[in-house]
1. If you take every DSSP beta bridge whose two residues both sit in the chain, what share of them, in percent to the nearest 5, is antiparallel?
2. Can you pull the Rg over Rh of the chain, Cα-only, Kirkwood?
3. Share of the stretch 209-377's accessible area from carbon and sulfur, percent, 1.4 Å?
4. About its Cα centre, what dipole magnitude does the chain give when the only charges are +1 on Lys and Arg Cβ and -1 on Asp and Glu Cβ, stated in debye to the nearest 20?
5. Quick check: the angle from helix 291-307's long axis to the longest principal axis of the chain, C-alpha only, nearest 10 degrees?
6. Using Cα atoms only, what is the angle between the long axis of helix 263-287 and the major principal axis of the chain, expressed in degrees (0 to 90) to the nearest 10?
7. Lys and Arg at +1, Asp and Glu at -1: add these up for the other residues within a Cβ distance under 14 Å of Asp329 and post the number.
8. What whole-number value in Å² describes the accessible area per residue of the stretch 5-204 for a 1.4 Å probe?
Amino acid sequence: MTESLSEQKDLVQILFEQQFQRSSAIVCHAPGRVNLIGDHTDYNDGFVLPAAINYGTTIAASQREDNVVRVYAHDCDQQTCEFALSEIVFDEQMMWSNYVRGTLQALMKKHPDIKGANLVVTGNVPQGAGLSSSASFEIAILKAFTDLYQLTLDGVNAALIGQQAENNFVGCNCGIMDQLISAMGQQGHAMLLDCRDLSFEDAPIPDDLTLFIVNSNVKRGLVDSEYNLRREQCEAVASHFGVTALRDVTLAQLNAAKEQIEPVLFQRARHVISENERAVNTLTALKNNDMPTISAAMKASHISLRDDFEVTTKEMDGLVEMIDDVIGDKGGVRMTGGGFGGCVVALVPTELVAQVEHVVNNKYESRYALKPSIYICTARQGAFR
Ligand code: GLA
């Protein structure tokens, strides 16, 4: 599943004709994402620095006269789901369809007049790898309905609707990062997002660096429950300080209150507060192409996610170590996304890419009995930009 975007677009149109015996009215695409730095900060009203990537979800669609939505998902065992917009319920069998159901239920709160649609979906974001296959699916659905029904929906509101689908329908209390970058990413750039006021600033990825992602292929377990637990722990510390979110607590305040806070909660908060600072500093460092600062920030981020937030696995730690041994402070490497398995991200000087690839391919499997998957990425435009 490594088709280019134009191949994906051709594919959905051919599949649409096969499924519905006519051409689609529109074709749209929403990218997945990789987060360079700032993990588990978004739901603390903090800062994140993700980039949209050249893996995503592509949809071909046409309007319908009735209020039925029919979706053929080419990569989900070629299954088809069908439901009425007036009767959206959770589907225990076809779990993937809940992203469509939840997204449209949330969309209709703002745009109650939409009608049904026929859709064909294909995607090449590896699922469950921490590269936001689900956010890219939600944003692609929203872009399809926006185009079909000429809705006045901008990228920020689309992101909020996608997040609502996750929070209220799918059951993951995720933050806003994944949907916002899928909607608003900028080609060749990462983006510092302020998850409190939803403002953002583009950060150029230096030309001589390659966005290098490795999936540890560790099956992610208990992701939602552990994720939701982390969120509750952060909220507990925020309420200890009587503030809305950990964004409002400084490291000095946290350290001063150390004796009154449970050790695990203290660690969780220390990660979030220090990670916010690293994300903001990395924006400046990217603008100045200041690699030693980026490198140090990514390294500290990984350590903090490993030791304080406890969301890495030994395989992810191993990958980070192997890559770091090659790139040193000429590049940066860390786990990315929610954790508990999934991917590591590296900014690798282009002349070292082959060497990093060689080391990962040679060492990872023999050490952990798992095959790594390597994705050499470029930063792409979001669906609503
Ligand atoms: C998942 C969530 C995001 C974010 C990251 C961790 O990807 O969907 O909202 O919290 O984890 O940074």
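The values are calculated or read from the model by the stated rules, or taken from the named source; none is laboratory data. None of the values given here were measured: they were computed from a predicted structure. Neighbour counts run over all protein chains shown; Cβ positions are idealised from the backbone, glycine included. The protein model used for the area step is the full one, side chains on, heavy atoms only, and it has no ligands, DNA or RNA in it. Shrake-Rupley method; radii C 1.70, N 1.55, O 1.52, S 1.80 Å.
1. Approximately 90 percent, going by the DSSP bridge assignments.
2. For the chain, the value is 0.98.
3. Values: 3600 of 7240 Å².
Accessible surface attributable to carbon and sulfur in the stretch 209-377 totals 50 percent.
4. Values: 31 positive and 49 negative charges, 28 e Å.
Here the chain has a charge dipole of around 140 debye.
5. Its long axis makes an angle of about 90 degrees.
6. With rounding to tens, the tilt is 80 degrees.
7. Working: positive: Lys299, Lys330, Arg334; negative: Asp290, Asp324, Asp325.
Residues near Asp329 contribute 0 overall.
8. Values: 7040 Å² over 200 residues.
Accessible area per residue, the stretch 5-204: 35 Å².
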